[in-house]
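The next block holds one structure in the form of structure tokens; read it before the comments.
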Amino acid sequence: MIQEVTTNSEVSWAEMCIEVYEEGSVEMYLKDRKAGKLPYEYVYCTDDDYVGMLSLSIRNDYVEGTSTSPVAYVEGIYVKPEYRNRGIAKQLVEFAKQWAREKSCSELASDCVIDNLDSYQFHKKIGFEEVGRVICFRQGVQ
């Protein structure tokens, strides 16, 4: 079952965020959520455990490869390894699509880092279409 993150599920959700984003701490994610910076957060729960998470947003700025605005965006999606290949991620994406429709969005977008082959294959398998690749640069100005 998919449900909004609550005080009962927020620590498990934050732990999964660390797995997705490979940074931060439980305290950081809880603080950001409490401050309203992460308003569309969901968990997938079984009878006795939280086993997946989904982070969504609405983007009003340009989103690569889209032709409408606003665009619903999958900021993060995660299923614990021992629960993968059971259709949970597909259910989370179907939930995201329904959520997008309810928010008057006609497109759902996502991204992954260029060298994350597992995420790339997941996105392709679940029905996302690759629309571009980006390599970002930076330079100090001292």
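Residue by residue, here is whether (1) more than 27 Å from R133 (Cα to Cα); (2) at pLDDT below 95; (3) not hydroxyl-bearing (S, T, Y) holds:
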| residue | (1), (2), (3) |
| --- | --- |
| E4 | yes, no, yes |
| A14 | yes, no, yes |
| Y44 | yes, no, no |
| L54 | no, no, yes |
| R59 | no, no, yes |
| L92 | no, no, yes |
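I'd like to know if region 52-70 contains one or more residues that are farther than 26 Å from S104 by Cα and in contact (Cβ under 8 Å) with a residue 40 or more places away in the chain.
No: zero hits.
Anything in region 118-139 that is over 17 Å from G87 (Cβ atoms) and assigned to a loop (DSSP other than H, G, I, E, B)? List them, or say none.
E129, E130, V131, G132, R133, V134, I135, C136, F137, R138, Q139
Looking at region 31-39, is at least one residue surrounded by fewer than 16 Cβ atoms within 10 Å (Cβ to Cβ), touching a residue at least 40 places away in the same chain (Cβ under 8 Å) and not β-branched (V, I, T)?
Step one: list which residues in region 31-39 are surrounded by fewer than 16 Cβ atoms within 10 Å (Cβ to Cβ), which gives 31-32, 34-37, 39.
Imposing the further condition that a residue be touching a residue at least 40 places away in the same chain (Cβ under 8 Å) reduces the set to none.
No, there is no match, as no residue in region 31-39 is surrounded by fewer than 16 Cβ atoms within 10 Å (Cβ to Cβ), touching a residue at least 40 places away in the same chain (Cβ under 8 Å) and not β-branched (V, I, T).
Could you run through region 106-142 and say how many residues are surrounded by fewer than 15 Cβ atoms within 10 Å (Cβ to Cβ), of a type in the set (V, I, T) and under 16 Å from the mean Cα position of the chain (by Cα)?
Residues meeting the conditions: 1.
Could you look through region 1-30, keep only residues that are in contact with a strand residue (DSSP E or B) (Cβ under 8 Å, 6 or more places away or on another chain), within 18 Å of R84 (Cα to Cα) and not aromatic (F, W, Y), and pick out the one that is surrounded by the most Cβ atoms within 10 Å (Cβ to Cβ)?
Among residues in region 1-30 that are in contact with a strand residue (DSSP E or B) (Cβ under 8 Å, 6 or more places away or on another chain), within 18 Å of R84 (Cα to Cα) and not aromatic (F, W, Y), the one surrounded by the most Cβ atoms within 10 Å (Cβ to Cβ) is C17.
So for region 93-101 (the condition being in contact (Cβ under 8 Å) with a residue 40 or more places away in the chain and not hydrophobic (A, V, I, L, M, F, W, C)), does at least one residue qualify?
No, that holds for no residue.
Could you go through region 55-76 and let me know if any residue there is under 30 Å from V11 (Cβ atoms), surrounded by fewer than 14 Cβ atoms within 10 Å (Cβ to Cβ) and of a type outside the set (K, R).
No, the conditions are met nowhere in region 55-76.
The values are calculated or read from the model by the stated rules, or taken from the named source; none is laboratory data. As the structure is a computational prediction, the values presented were derived from the model and not from experiment. A quick note on method: Cβ atoms are made from the backbone with ideal geometry, for glycine too, and the neighbour counts reach across all protein chains shown.
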